[in-house]
Amino acid sequence: MALEALSRGAAEAVLVESSPEAFASLRGNVEGLGAEEAVCLPLDYREAIRRLASKGRRFSLVFLDPPYGRGLVGRSAAEIHRAGILSPGAVAVAERAARDPGESVPEGWEERTDRRYGDTRITLYDIPAPGGKPTTVGPG
């Protein structure tokens with residue numbers, strides 16, 4: 001989804017992958033597309049979040065696409081929230097198997113939409129600006 005976002009005008013994408021095999025494939029896709037705006041990090045998601053936070057990085061859109069069936073959507077959302085790497089009014093897009101149970105996300109994250117596409121479930125969350133209501137971006 002991040003590469004699709006780049007193709008639609010996103011200024012930059014930071015892609016995180018801890019599996020060496022999957023990272024090699026990801027890197028090949030990025031190079032094949034000539035996506036110079038993509039930064040690929042061969043790290044565990046927790047380490048990537050820590051590094052990005054330590055550099056003061058902020059993101060207005062995050063894609064959570066961890067391995068299915070491991071309960072990692074909720075855990076990665078909590079890590080991202082705690083690290084403070086989200087811009088005010090950010091949007092999160094979570095992908096998981098349709099058969100996976102819903103996972104809790106940080107307080108204040110409001111589900112905008114939840115849709116099933118075959119064996120995949122995509123959920124969009126609006127994340128409130130500090131002291132405010134969630135900001136909805138685009139059609140809701």
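The values are calculated or read from the model by the stated rules, or taken from the named source; none is laboratory data. Just so it is clear, the structure is predicted and the values come from calculations on it, not from any experiment. A quick note on method: Cβ atoms are made from the backbone with ideal geometry, for glycine too, and the neighbour counts reach across all protein chains shown.
So the values come out like this:
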item: Members of the stretch 8-47 found to be in a helix (DSSP H, G or I), within 24 Å of Arg82 (Cβ to Cβ) and in contact (Cβ under 8 Å) with a residue 12 or more places away in the chain, listed by number; result: Tyr45, Arg46
item: Selection status of Lys55, at pLDDT 95 or above, over 16 Å from the mean Cα position of the chain (by Cα) and not assigned by TED's automatic domain parsing to the domain that holds Ser19; result: yes
item: Any chance Ala5 is within 23 Å of Asp126 (Cβ to Cβ), touching a residue at least 40 places away in the same chain (Cβ under 8 Å) and in a helix (DSSP H, G or I); result: yes
item: Matching residues in the stretch 52-70 - criterion: being surrounded by 15 or more Cβ atoms within 10 Å (Cβ to Cβ) and without any contact (Cβ under 8 Å) to a residue 40 or more places away in the chain; result: Leu52, Ala53, Ser60, Val62, Leu64, Pro66, Tyr68
item: Hits in the stretch 74-94 (condition: of a type outside the set (A, V, I, L, M), buried (at least 17 other Cβ atoms within 10 Å of the Cβ) and in a strand (DSSP E or B)); result: Gly89
item: Pair list, Cβ < 6 Å and 6+ apart or interchain, from the stretch 81-104 residues that are over 11 Å from Ile127 (Cα atoms) to residues that are acidic (Asp, Glu) and crowded, with 18+ Cβ neighbours inside 10 Å; result: Glu95/Asp65
